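Okay, so here's the structure we're looking at.
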Amino acid sequence: MIELEGVPELVDPVMVAAFEGWNDAGDAASAAVAHLEREWKGEVFAALDAEDYYDFQVNRPQVWLEGGVRRITWPTTRLSVVRVGDADGRGRARDLVLVRGIEPSMRWRSFCNEILGFAHELGVEMVVVLGALLGDTPHTRPVPVTGVTSDPDLARTMDLEESRYEGPTGIVGILQEACGHAGVPAVSLWAAVPHYVSQPPNPKATLALLNRLEDLLDVRIPLGELPEDARAWQLGVDQLAAEDNEVAEYVQSLEEARDTAELPEASGEAIAKEFERYLRRRDGQPGGHAGGGTAAEGGSYLRDTSAGGRTRPARPPEGGPERGARGPEDGSGGPEGTEGGDGGPEGGEGGPQGPERDR
């Protein structure tokens with residue numbers, strides 16, 4: 001029995017979760033939840049026991065000093081709660097239960113049951129799980145974000161895609177399925193990250209996830225410096241891609257394919273929807289809301305991770321780009337198996353980001 005002492009009664013609570021690892025290309029999903037915690041000053045009220053779910057040779061503890069005393073931080077999953085005092089700009093309050101951690105190494109069913117136990121005790125009305133996948137999408141275009149659910153009624157009422165995925169899955173898919181069995185409405189939002197610039201961070205994808213979450217929950221999310229980070233990221237990738245003719249040509253081919261595929265969607269309805277988003281953000285000034293506009297088209301800084309101090313987009317091999325990070329059906333299935341899309345989130349060998357990093 002989970003007892004939550006000190007946690008007040010929540011208002012229309014929704015659980016938003018993200019996990020580092022296989023389902024978090026470019027760290028875009030986990031960075032989105034971290035942004036919510038930071039902007040809304042989330043208070044951690046629970047943490048899962050690391051001994052139960054993690055292999056410490058895969059996700060190593062971190063040692064740090066505090067006043068000359070050595071401390072250890074164990075890899076785990078933490079839950080925090082934030083109160084959105086003016087969720088919709090009309091004075092309505094709402095609470096979000098934020099779940100952020102690392103994809104567990106073992107006991108996934110027990111892991112999901114423990115999270116659902118917290119959701120039950122807190123009266124959570126819906127669970128939204130964020131994920132990010134690698135796909136054949138150009139960095140110069142808006143980040144595609146797909147909303148997926150296994151609930152046909154939820155898919156119809158919230159304009160989501162119904163999952164038809166078959167193949168390997170990660171903790172995002174397992175948690176969503178567990179929610180379905182427990183009778184908890186669940187949605188997953190997937191951002192597609194360019195596979196040729198997959199190293200974290202990717203603030204443009206993080207921003208796109210937050211924009212989609214904002215629409216889904218009808219809340220206004222303070223974006224802070226994220227739109228500017230997203231623009232800087234895109235400019236950095238532009239410069240690196242321009243230095244290699246083969247990469248530049250490949251990016252151009254992705255742009256042409258994307259524009260051709262989306263041409264029918266450039267309808268009056270789509271334009272009106274984007275204009276409504278702009279008006280909502282403008283009405284949200286001040287406070288960082290209106291700075292986004294169609295900010296999913298921006299970018300952020302590019303982290304230098306190569307030995308030479310600068311990261312270059314991966315050069316596509318002869319015959320096309322590397323496909324090892326594509327979905328299990330090589331692009332025929334979208335996030336969690338939706339029809340179409342830029343490749344499943346499950347990735348190829350090792351998932352969207354390859355082998356798990358030491359953390």
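Scanning for something in a loop (DSSP other than H, G, I, E, B), open to solvent by less than 20 Å² (accessible area, probe 1.4 Å) and in contact (Cβ under 8 Å) with a residue 60 or more places away in the chain, does the range 164-182 turn up at least one residue?
yes
Being open to solvent by 10 Å² or more (accessible area, probe 1.4 Å) and of a type in the set (Gly, Ala, Ser) is the filter here, so list the residues in the range 187-234 that pass it.
Within the range 187-234, SER198, GLY224, ALA232 meet the criteria.
So, in the range 250-287, exactly how many residues are at pLDDT below 60, aliphatic (A, V, I, L, M) and either in a helix (DSSP H, G or I) or surrounded by 12 or more Cβ atoms within 10 Å (Cβ to Cβ) (or both)?
Qualifying residue count for the region: 2.
Would you be able to tell me the number of residues in the range 1-52 that are in a loop (DSSP other than H, G, I, E, B) and surrounded by fewer than 20 Cβ atoms within 10 Å (Cβ to Cβ)?
The qualifying residues number 16.
Quick check: anything in the range 115-135 assigned to a loop (DSSP other than H, G, I, E, B), open to solvent by 20 Å² or more (accessible area, probe 1.4 Å) and within 21 Å of ALA248 (Cα to Cα)?
Taking every residue of the range 115-135 in turn, none turns out to be assigned to a loop (DSSP other than H, G, I, E, B), open to solvent by 20 Å² or more (accessible area, probe 1.4 Å) and within 21 Å of ALA248 (Cα to Cα).
So which of ARG78, ARG100, ARG71, ARG60 is under 21 Å from the mean Cα position of the chain (by Cα) and farther than 13 Å from ILE171 by Cα?
Selected residue: ARG78, the only one of ARG78, ARG100, ARG71, ARG60 that is under 21 Å from the mean Cα position of the chain (by Cα) and farther than 13 Å from ILE171 by Cα.
For every residue, the table says whether it meets (1) part of a helix (DSSP H, G or I); (2) within 17 Å of the chain's Cα centre (by Cα).
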site	(1), (2)
ASN211	yes, yes
ASP215	yes, yes
ARG220	no, no
GLY224	no, no
PRO227	yes, yes
GLN234	yes, no
ALA241	yes, no
ALA248	yes, no
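So in the range 53-77, with the set limited to residues that are surrounded by 12 or more Cβ atoms within 10 Å (Cβ to Cβ) and in contact with a Leu (Cβ under 8 Å, 6 or more places away or on another chain), which one is modelled with the highest pLDDT?
The residue in question is THR77.
Is there a residue in the range 194-215 that is touching a Pro at 6+ places or on another chain (Cβ under 7 Å) and hydroxyl-bearing (Ser, Thr, Tyr)?
Looking through the range 194-215, at least one residue is touching a Pro at 6+ places or on another chain (Cβ under 7 Å) and hydroxyl-bearing (Ser, Thr, Tyr).
The values are calculated or read from the model by the stated rules, or taken from the named source; none is laboratory data. Remember, it's a predicted structure, so these values are computed and weren't measured experimentally. Note that we place each Cβ from the backbone using ideal geometry, even for glycine, and neighbour counts take in every protein chain shown. Please note that ligands, DNA and RNA were not included when accessible areas were found on the heavy atoms of the full protein model with its side chains. Shrake-Rupley method; radii C 1.70, N 1.55, O 1.52, S 1.80 Å.
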